[in-house]
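**Student:** This is the structure, below, for whatever I ask next.
The values are calculated or read from the model by the stated rules, or taken from the named source; none is laboratory data. A quick note: this is a predicted structure, and the numbers were derived from the prediction, not measured. Cβ placement follows ideal geometry from the backbone for every residue including glycine, while neighbour counts extend to all protein chains displayed. What goes into the accessible areas is simple: the full protein's heavy atoms, side chains included, and nothing from ligands, DNA or RNA. Shrake-Rupley method; radii C 1.70, N 1.55, O 1.52, S 1.80 Å.
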Amino acid sequence: MALTKVQAGGINLADTFAFTGTVSGAGGLVKIYTQSGTSAVSSIDITDTYINSTYDTYYIVGNCLPSSDGVGLELKLKDSAGIISGNTHSLDMQMGSLGELSDGQDHCRLNYSTIGNSQGEGTQFSFYLQHVNSTTIPCAVIAFGKTAHTGAQPEGFYVVSGLTVDQRDKAVKGFNLAMSSGNIASNNLTIYGIVK
Amino acid sequence: MANYNKMVDGKIIPLTDAEQTAREAKEKAWADGALDRELSSLRKMRNNMLAETDYMGLTDVTMTDAWKTYRQELRDITKGLDSVEKVQEKMKFDTETKTRVNFPTKPS
């Protein structure tokens, strides 16, 4: 008889089980991609191989160390044609009691002050991409993170960002991360899909 | 000169010539904006420090001359700073004392 229900005491919790099935009907985070790089690159591009219609909300956790000192980390969203260019990204950022507001630039920013390039500096961030597939609601980027700028000074920030209202017809198919100048010396990035 | 590389879905590939041209233009714009950027950073720090003492301007608080001088020096902090090096020297941070050694001294 097929097992349809695990009875109390019917499973040895001290054992190790290799789970190979697929969970359906449950919400939660699904890890879909991870990368780690130690070669300098000018940008990190994630395509629709990972950001697509499978999920409508994605959670990204990463870290980038710049090659150059005193730069910023810029996030640009992509649609099926590539990077959504022009003044298409808005930004409302807060760091301590300070803030910045912009409703038209070509990127979102994942730092407040500049980022240092010594070991242990860089920026550690995470962000949600929301309404990725909507063509009536602009994709939102809800990000927060910790940076260290030159001289190892720590800074925390959060930023509510994303596409401007007039870009609401664009379904997002990836993103691009690049420093405002110079290369990304090393990085790691993990992408999760959030099941509705 | 070889083109920069980019990482696409974890794979390292060279930029196209058009991407390389765009990248070089961005690098030039970044370099050209260095002084404005440094001054902007300095103003952010200065504004934060001014905001910390804004309450002294309330009608039920008497601001001493020392605090008035301190706040005026903060407002004047960008005067005469016409190079990146001068701004960076002004923002110099001592990691031991956790202070900006060339900023006005806060009254005790």
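**Student:** Please work out if A:V160 is under 21 Å from A:S90 (Cα atoms), away from every other protein chain (no Cβ under 14 Å), open to solvent by less than 20 Å² (accessible area, probe 1.4 Å) and within 18 Å of the chain's Cα centre (by Cα).
**Tutor:** On the way: under 21 Å from A:S90 (Cα atoms): yes; away from every other protein chain (no Cβ under 14 Å): yes; open to solvent by less than 20 Å² (accessible area, probe 1.4 Å): no; within 18 Å of the chain's Cα centre (by Cα): yes.
It is false that A:V160 is under 21 Å from A:S90 (Cα atoms), away from every other protein chain (no Cβ under 14 Å), open to solvent by less than 20 Å² (accessible area, probe 1.4 Å) and within 18 Å of the chain's Cα centre (by Cα).
**Student:** Do we have any residue at all in the stretch B:22-35 that's under 26 Å from the mean Cα position of the chain (by Cα), within 14 Å of another protein chain (Cβ to nearest Cβ), without any contact (Cβ under 8 Å) to a residue 12 or more places away in the chain and not in a helix (DSSP H, G or I)?
**Tutor:** Yes: one or more hits.
**Student:** Answer yes if at least one residue in the stretch B:10-17 is more than 8 Å from every other protein chain (Cβ to nearest Cβ) and in contact with a helix residue (DSSP H, G or I) (Cβ under 9 Å, 6 or more places away or on another chain), and no otherwise.
**Tutor:** Looking only at the stretch B:10-17, we keep the residues that are more than 8 Å from every other protein chain (Cβ to nearest Cβ), and these are B:11, B:13-14, B:16-17.
Then drop every residue that is not in contact with a helix residue (DSSP H, G or I) (Cβ under 9 Å, 6 or more places away or on another chain), which leaves B:14.
Yes, the stretch B:10-17 has at least one match.
**Student:** Tell me whether the stretch A:66-76 contains one or more residues that are away from chain B (no Cβ under 14 Å), modelled with pLDDT under 95 and touching a strand residue (DSSP E or B) at 6+ places or on another chain (Cβ under 6 Å). Give the steps one after another, and end with the answer.
**Tutor:** First pass over the stretch A:66-76, keeping only residues away from chain B (no Cβ under 14 Å): A:75.
Then drop every residue that is not modelled with pLDDT under 95, which leaves none.
For the stretch A:66-76, residues away from chain B (no Cβ under 14 Å), modelled with pLDDT under 95 and touching a strand residue (DSSP E or B) at 6+ places or on another chain (Cβ under 6 Å): absent.
**Student:** Do we have A:V141 as closer than 23 Å to A:I83 by Cβ, in a strand (DSSP E or B) and open to solvent by 20 Å² or more (accessible area, probe 1.4 Å) here?
**Tutor:** On the way: closer than 23 Å to A:I83 by Cβ: yes; in a strand (DSSP E or B): yes; open to solvent by 20 Å² or more (accessible area, probe 1.4 Å): no.
No.
**Student:** Same structure, new question: Going by the structure shown, is B:D82 away from chain A (no Cβ under 13 Å), exposed (fewer than 13 other Cβ atoms within 10 Å of the Cβ) and of a type in the set (D, E)? Steps first, please.
**Tutor:** Numbers: away from chain A (no Cβ under 13 Å): yes; exposed (fewer than 13 other Cβ atoms within 10 Å of the Cβ): yes; of a type in the set (D, E): yes.
Here the answer is yes, as B:D82 does meet what is asked.
**Student:** List the pairs whose first member sits in the stretch B:41-53 and is within 20 Å of B:T64 (Cβ to Cβ), whose second member is open to solvent by 40 Å² or more (accessible area, probe 1.4 Å) and polar (S, T, N, Q), and whose Cβ atoms are under 7 Å apart, counting only residues at least 6 apart or on separate chains?
**Tutor:** What qualifies is B:A51/A:S97.
**Student:** Which of the strands (runs of 3 or more DSSP E) found entirely inside the stretch A:46-127 contain at least 2 residues meeting this: touching a residue at least 12 places away in the same chain (Cβ under 8 Å) and either under 14 Å from the mean Cα position of the chain (by Cα) or surrounded by 23 or more Cβ atoms within 10 Å (Cβ to Cβ) (or both)? So that I can check it myself, show each step before the final result.
**Tutor:** On the way: elements: A:57-66, A:73-79, A:89-95, A:98-105.
Those strands (runs of 3 or more DSSP E) span A:57-66, A:73-79.
**Student:** Collect the residues in the stretch A:1-37 that are modelled with pLDDT of 75 or more, among the polar types (S, T, N, Q) and surrounded by fewer than 10 Cβ atoms within 10 Å (Cβ to Cβ), keeping them in residue-number order.
**Tutor:** A:T16, A:T20
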